[in-house]
Each structure stands twice: as structure tokens, then as C-alpha cells.
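First comes the structure, then the notes that go with it.
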Amino acid sequence: MQDRPTKTTPDLFTPIAIGPLALPNRIAMAPLTRSRAAEGNVPTALNALYYAQRASAGLSISEATQVAPEGQGYISTPGIHSAEQVKGWQCVTGAVHVAGGRIVLQLWHVGRISHQSFQPGGQLPVAPSAIRPNGQAFTANGFEPIPTPRALELADIPGIVAQYAQGARNAIEAGFDGVEVHGANGYLIDQFLRDGTNKRTDAYGGSIENRTRFLLEVVDAVIAVVGADRTGLRISPQNGQNDISDSDPQRLFNHVASALSGKDLAFLHVIEGDTGGVAVPPFDYKEIKRRFGGVFIANNGFDKERANEAIEEGRADLVAFGKPFISNPDLVTRLYLNAPLAPANRETFYGGADQGYTDYPLLRGVEPHSCYCDDLDRAWG
Ligand code: 8OZ
């Protein structure tokens, strides 16, 4: 069989290597919280089916997964800290692998975005500083105000870094191909990074170097366990989700990107702009990519055309799609064939069972001349 001719510029369907992983395309499945873990926050066979259905993604990134009981802030999100959870995830990774895919686990600690009802012993959630987020937690009793968190003592911090490392170790035992550290969306690492949530006066607060310290300690601890070539990081420089703010995100994240550049990470995954559709000031993401120097995954509301443009222009190496993967398990094929995308039903995003989760159908038919090959023929001219 002859290989298809190679285009001179890469696009979404150009294979790429990430560390030891050979990806057949540059479409990543973004981490998506779906709140369908079983009792004990254990992944199930239904979760395995859901991920296996989407295994044609070049890289699947798991939903955010708490590294410790204290890291939980929502109902039915999976964990990676108990033996049962590791066993549940083994079913997921096995199903993805037999379907031909690759999957990394997203390591998560929510910090202050939690509630006593999720915390061991009904304790307060923890954060860099005792600043209450404006928001509600969805608990077993419905929506309840998020409490003012307890500021972490200096002596608490190594234990939390170790929880990320243990989560990474457990992820490899569970059969994952690597991990993504969740440094985005206003959760614990982001709370340390930003001056709106970090008012510490010790080595973890104040200067940008100090606010970046926790992130780098977590990344280094995870690298020590799984290797840099299996460690990715997600950041969201301009996302205001979870009442997060910073006085100078460009300077902060320029520093973050430079600090990461020597570490040979597998990838940097960047949510560009705000996920709530809030208008944001100009931000130089190219500068982040330039400083980082490694594989750059762009995310947030891309369609095929904009994704291909970003890859062709070298602004991104891969593009992660979120919501389109919820309602289109065969998203990769649909994008290739220029086929229509099914809309996602928001009512079934979080919680429940198979409905709105594993029951979105595959494409059944296409227009005769809709193949992406046609575009390629033009490109090869
Ligand atoms: C939606 C609902 C709950 C959590 C994130 C982990 O934004 C999440 C999340 C998203 O990163």
C-alpha cells in the first residue's frame, strides 16, 4: 500500500510524535468533566466505553482526576489515589488501547473550589491564602456557598506535591501513556500562580518566581516519577473561571513558559482566552509557545478551519477539542470527511449514566464528494 503523499505543511491529519507516543493525527480530546464515576470515585466499564468510542483522537486526555480526597470539589469525579480507582482506570486504558488510542491522565487538585462535604472529616478546603471564591459548590444537598478556605501551612506543601507524584505513579500503574498536570481554570496550581488568590508572604507568594514555585515543584515531582517525555501541563492564562484573577497574566505566563523550557516536557496545553465567552484583552500566545519550545496544544472553541490554520502557521502543533467530542465520538472521521457535527446536549454534560454520554451515534452516511482528500488534492495541485 502506498502512503498518501505528504503535504509540505502539516495539518490536523499529519502524524506527530509526543515523547514515546506516535500519534496518527493532531486532534487531542480535551479533558472533560462528566461526573459519572461510581461510589468511591471509581471509574467504571461505562467510562471505559465512552473513552474507547473516542479513541481515534491522536491523544485523549482524561477528565480531571483528583490526586487525593482533599482535591475533590464536585460530585462523582474520579480519583487516582485508591487501589479501586487504579483498577477502574485499568479498564479504561485497556479499552482505549485495544481500540488503537493513546490516553494520558489529568492530575487535579481543586484547592479552594470545594466544600466541607467533600473533605475528609468535614474540614475546610485548602488554598494558598484564605480568600473565599465567589461561587457555589454543587453538593449532595444542591448548590451551597463555597466556604473561605484554610491557608496552607508551609509544612503542608511537600505533602501535596507528593500527592501529585503518587497520582502520577498510580496513573502509570493504571496503564496510562502519561499524565497532564492540571495547572488551569482556577484550581490549586492556578491559585498559587495568580496574585488575586495568592497573598502569601513566604517562598510561595509575592514575586512571580515565588508564585510559580508550587507549579514547578509539582512538575518536577511528576517528571521524577514518569519522565519528562510522559508529562504534560495545562494552563489557561486568560481564563477567569472559578473567580481567578491576576494583575499581569502575560508577564506571569511568559515566566512560566521560560521556566518550563529546559524541562523537555511532552507538551504544553494552553486554553486560549476565556472559556465562558468573556472578552479578553490581547495576549501573545505565540510568545508562550516560543519560550516553551516544545509541543504546543492549543484549545478553546476551535473549528477545523481555524485549527488547520493554527497548525499550518506554526501557532500550534495540535489542537484539543472539547464539546465536539462529547456529541461526536467519531469526531476525527467527521473532520476528515467534512461531515456535519452533531450538537451536544448540555443537560447531560454532568452526571447520569449512558444518556448523553455513550449513546451519541457514529456517522451513518456522507455526501459522495465530501472527502478531505479533495482538499488535499488541491493542496498538492
Ligand atoms: C467543568 C465542571 C467541573 C470541573 C475544569 C475540571 O474546568 C474542570 C471542570 C469543568 O478544568
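The values are calculated or read from the model by the stated rules, or taken from the named source; none is laboratory data. These figures come from a predicted structure and were not determined experimentally. Here the Cβ positions follow ideal geometry from the backbone for every residue, glycine too, while neighbour counts run over all protein chains shown.
Some notes on this structure:
- Filter result for GLY351 (at pLDDT below 95, over 21 Å from GLY183 (Cβ atoms), assigned to a loop (DSSP other than H, G, I, E, B) and under 21 Å from the mean Cα position of the chain (by Cα)): no
- Within the range 330-361, the set of residues being of a type in the set (Ser, Thr, Tyr) and more than 16 Å from the ligand (Cβ to nearest atom) comprises THR333, TYR336, THR358, TYR360.
- Any hit, the range 129-139, residues being of a type in the set (S, T, N, Q), within 15 Å of the ligand (Cβ to nearest atom), farther than 25 Å from ARG169 by Cβ and surrounded by fewer than 16 Cβ atoms within 10 Å (Cβ to Cβ): yes
Each row is one residue, and each column tells you yes or no for (1) among the charged types (D, E, K, R); (2) farther than 16 Å from VAL104 by Cα; (3) crowded, with 19+ Cβ neighbours inside 10 Å; (4) in contact with a helix residue (DSSP H, G or I) (Cβ under 6 Å, 6 or more places away or on another chain).
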| position | (1), (2), (3), (4) |
| --- | --- |
| LEU12 | no, yes, yes, yes |
| ILE27 | no, no, yes, yes |
| PRO31 | no, no, yes, no |
| ASN41 | no, yes, yes, no |
| ALA52 | no, no, yes, yes |
| SER56 | no, no, yes, yes |
| GLU63 | yes, no, yes, no |
| ALA68 | no, yes, yes, yes |
| ILE75 | no, yes, no, no |
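- For the range 134-166, the set of residues classified as of a type outside the set (A, V, I, L, M, F, W, C), in a helix (DSSP H, G or I) and within 27 Å of LYS199 (Cβ to Cβ) consists of ASP156, PRO158, GLY159, GLN163, TYR164, listed by residue number.
Each row is one residue, and each column tells you yes or no for (1) crowded, with 19+ Cβ neighbours inside 10 Å; (2) aromatic (Phe, Trp, Tyr); (3) farther than 19 Å from GLU173 by Cα; (4) within 16 Å of the ligand (Cβ to nearest atom).
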{"site": "GLY111", "(1), (2), (3), (4)": "yes, no, yes, yes"}
{"site": "HIS115", "(1), (2), (3), (4)": "yes, no, yes, yes"}
{"site": "PHE118", "(1), (2), (3), (4)": "yes, yes, yes, yes"}
{"site": "GLY121", "(1), (2), (3), (4)": "no, no, yes, no"}
{"site": "THR148", "(1), (2), (3), (4)": "no, no, yes, no"}
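- Looking at TRP89, TRP108, just one residue is within 23 Å of LEU265 (Cα to Cα), modelled with pLDDT of 95 or more, within 22 Å of the chain's Cα centre (by Cα) and aromatic (Phe, Trp, Tyr), and that residue is TRP108.
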